[in-house]
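The block underneath contains the structure these notes are about, expressed in C-alpha cells.
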Amino acid sequence: MKGRLQMAQAIQSRGPVTGTAVAPKRRRRFFLSDLYSTAVGKKYVMAITGIMLLGFVFAHMVGNLKMYLGAEDFNHYAEFLRELLVPILPRTVALWLLRFGLIAAVLLHIHAAYSLTVMNRKARSVKYQSARDYQVASFASRTMRATGLIVALFVIWHLADLTWGTVNAVGGDGTFVRGDAYGNVVRSFERVPVAVFYILANIALGVHLFHGVWSLFQSMGWSNPRFNKWRRYLAIGFATIIVVGNVSFPIAVLAGIVGE
C-alpha cells in the first residue's frame, strides 16, 4: 500500500505528460536575408538593381554624346568624372565608389536572376508541353541569358579597352594615352572588328533592356493590363534610344564624322 502511494505521488510531481516535443529555437536571420531567400525578394532585388543599371546606361550614353562636340568637350567631361566630389574626396575616389556600386548591382542582378531560374525549374514539374506553349514567351525573354552574357563580355572588353587601356591598341596602330579619352575612343573604333563587336553588343543590350524595362513593372507589382500598351512603348522607346545613341559612335568614327 505504501509503495503504491509513493508511486502516485511521484507521477503527480512530474506534471502532465504531452506528446509534443519542444523544438530547439532557430536563430532568426536578418530580415533582408530572409526576404532575399524568397522569390518575391529576388524579384525586388532584380528590379531595384535593374533601375540602377538603367540609370547608369542612360547617363553613360548621354555623357558620351559630348563626343560630337569635339575632343576638348569630351575630355573635359571625362576629367569632370574623375574630379567628382573633390576636395571632399581625393581625385577619382568618388568615380571608383560608383564603379564598385555598379559592380555590386551587376553581381546581385545576375545572382537574383540565376536563383529565380533555379527556383522556377524546381517549381515546374514538367517542361513546356508544346511549341505553342514555348512561344508564349517573347524572343526577348527567351534570350535574356544569352544577351546578358554578351553584354557582360562586352563590358569587360570595354573596360580593358577604354579604362585600363590594355587592349586599346590590339589590332591597330594607335596607343592608349591616359587622359586623352577622345583620342582613345577614336583609335578604338577605327578598328573595324572592334566597331562591329560594339554595334552587335549594343543590339544585344537593346534586346536585354527591352525585356528588362517591360518586366520591371511586373516585378515591382505595378503591372496592370490597362497599361501594358504603354509599358511596351516605354520599353521599346528606352531600348531604341540607348541602342541608337551607342551605335552612332563607332559608325561616326568609321564614317569620318568624328576623328582626330
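The values are calculated or read from the model by the stated rules, or taken from the named source; none is laboratory data. In this text the structure is predicted, and so the values were computed from the model without any measurement. Cβ atoms come from the backbone with ideal geometry, glycine included; neighbour counts cover every protein chain shown.
Structure data summary
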| quantity | calculated |
| --- | --- |
| Tally of residues being touching a residue at least 40 places away in the same chain (Cβ under 8 Å), part of a helix (DSSP H, G or I) and closer than 17 Å to MET46 by Cα across segment 219-241 | 1 |
| Some residue of segment 25-39 being modelled with pLDDT of 85 or more, touching a helix residue (DSSP H, G or I) at 6+ places or on another chain (Cβ under 9 Å), within 28 Å of LEU205 (Cβ to Cβ) and of a type in the set (A, V, I, L, M) | no |
| Hey, ASN184 polar (S, T, N, Q) and either at pLDDT 95 or above or touching a His at 6+ places or on another chain (Cβ under 8 Å) (or both) or not | no |
| Where SER215 falls short, out of the listed (1) surrounded by fewer than 16 Cβ atoms within 10 Å (Cβ to Cβ); (2) outside any loop (DSSP other than H, G, I, E, B); (3) in contact (Cβ under 8 Å) with a residue 12 or more places away in the chain | (1) |
| Among residues of segment 224-242, those that are among the small types (Gly, Ala, Ser) and surrounded by 16 or more Cβ atoms within 10 Å (Cβ to Cβ), counted | 2 |
| Filter result for SER141 (modelled with pLDDT under 85 and under 17 Å from the mean Cα position of the chain (by Cα)) | yes |
| Leading residue by the ranking (surrounded by the most Cβ atoms within 10 Å (Cβ to Cβ)) among those in segment 136-162 that are assigned to a loop (DSSP other than H, G, I, E, B) and hydrophobic (A, V, I, L, M, F, W, C) | ALA137 |
| Boolean, ALA105 is surrounded by 13 or more Cβ atoms within 10 Å (Cβ to Cβ), at pLDDT below 95 and touching a Lys or Arg at 6+ places or on another chain (Cβ under 9 Å) | no |
| Matching entry among GLY165, GLY179, GLY256, GLY221 (being surrounded by 13 or more Cβ atoms within 10 Å (Cβ to Cβ) and not aliphatic (A, V, I, L, M)) | GLY165 |
